[in-house]
1. At most 10 other Cβ atoms within 10 Å and a DSSP loop assignment: could you name the GluC sites (Glu not before Pro) in segment 198-291 that fit?
2. With unit charges on the beta carbon (Lys/Arg positive, Asp/Glu negative), name the residue among Q56, A101, G115 whose Cα is farthest towards the positive pole of the charge dipole of the chain.
3. Count the net charge of all other residues whose Cβ sits under 14 Å from the Cβ of Q74, scoring Lys and Arg as +1 and Asp and Glu as -1.
4. Net charge around L143, counting only other residues with Cβ within less than 14 Å of its Cβ (Lys, Arg = +1; Asp, Glu = -1)?
5. Spelling out what I want: for every residue of segment 96-102, take phi, set θ = phi - 60°, compute 6.51 cos²θ - 1.76 cosθ + 1.60 (Karplus), and round to whole Hz; glycine and proline get x.
6. Counting only protein heavy atoms and using a 1.4 Å probe, what share of the accessible area of segment 53-271 belongs to carbon plus sulfur, as a whole percent?
7. Across the chain, how many lysine pairs, 8 or more apart or on two chains, come within less than 19 Å at their alpha-carbon atoms?
8. In what order, largest first, do S187, S168 sit by accessible area if the probe radius is 1.4 Å?
Amino acid sequence: MLQSYALRRALTDGKYRKIFVERLTEPLHLNILSAGVALFGSYPAKVAFDLVVRQQYAYPILFAAQSAKKLGIQRIVVLEFGVATGAGLLNMCELAARTEAATGVLIDVVGFDTGSGMPPAVDHRDLPEYFQEGDYPMDFEALRRSLPPRCRLIIGDVAETIPGYLESVRPDAPIGFVSVDVDYYSSTVRTLPVLDGEPEQYLPIVPVYLDDVGMDGCNPWNGELLAVAEFNEARPLRKIAPFNLLRSKRIFKNAQWIDRMYAAHIHDHPTRTPATAKRAQRAYISNEYLR
Ligand SMILES: C[S@@+](CC[C@H](N)C(=O)[O-])C[C@H]1O[C@@H](n2cnc3c(N)ncnc32)[C@H](O)[C@@H]1O
């Protein structure tokens, strides 16, 4: 009886589901190898082996820092939309510090929230069966006291706070990662214009984490996925798509965060525009069939 209760808890609680359903169903040799990485591995190796808490932030922040480094950019900013009590935001700050140490790229963190929890749901597209007005309030003072210097918290409805924030984003510290955890369709519609700035305010590919696409009731006609579809429809040169081949690139393939990871493609970014894109000339492709 006790055993079946423990097993039930283990499988329903998110943390244990990750261990039992995602991790222990992976090949044994990889789990054994990851024990060595946990003890002796570098930070990028730990991210590769999903050994860092909140892989859904660890991977894209590292990706962004590495992309910035390749472009000679020394500072980036990463954003969390939907902060609540700030567990995700503080974790993001810790991962930013670890990524900074591993790559040398400086990372600022900005969180956005109403400060008073969820606004009212507009209609069925906001998934009212899962979220409602007043859910996820914030203890602003407690969170403010815990924020490290690299982090800013911007309070207010995102529709009102994003335009002013975007004006402050400088091309020498572009946006490198966006986490969208505002739950509703309507709030996501108001969040995605953060991707409407000047091309140089972004890295050419900005990972976008969509937290709320996994419930059974989610589909392309409601919630965050509908907001993304409308964003793509309305913008010829900015597109949000599932992160390319991410599952096949990961060592551990059962992790759910992989299915929530998207990328915003800034097609008008100077590095993706023929007149300004610079890359080394490619040499002949080797061809062993030539005589
Ligand atoms: C699920 S919580 C975020 C949890 C947090 N990311 C974490 O990891 O702990 C969703 C948050 O989105 C915020 N939110 C929803 N709609 C918003 C809007 N239009 N503007 C600003 N914040 C919003 C709510 O206040 C709520 O705190």
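The values are calculated or read from the model by the stated rules, or taken from the named source; none is laboratory data. Just so it is clear, the structure is predicted and the values come from calculations on it, not from any experiment. Ideal geometry is used to build each Cβ from the backbone, glycine not excepted, and the neighbour counts take in all protein chains shown. The area values use the complete protein model at the heavy-atom level, side chains included, leaving out ligands, DNA and RNA. Shrake-Rupley method; radii C 1.70, N 1.55, O 1.52, S 1.80 Å.
1. Values: sites: E200, E224, E230, E233, E288; in loops: E288.
Qualifying residues, ordered by number: E288.
2. Result: A101, furthest along the dipole toward the positive end.
3. Values: positive: K69, K70, R75, R170; negative: E100, D108, D172.
In short, +1.
4. Working: positive: R144, R145, R152; negative: E80, D113, D139, E141.
That works out to -1.
5. Taking θ as phi minus 60°, the curve returns 4, 5, 5, 5, 4, 5, 7 Hz for segment 96-102.
6. Values: 5060 of 9370 Å².
About 54 percent, which is the carbon plus sulfur part of the accessible surface.
7. Details: K15/K46; K15/K253; K18/K46; K18/K253; K46/K249; K46/K253; K69/K278; K70/K278.
The number of close lysine pairs in the chain is 8.
8. Details: S187 10, S168 60 Å².
Order by accessible area, largest first: S168, S187.
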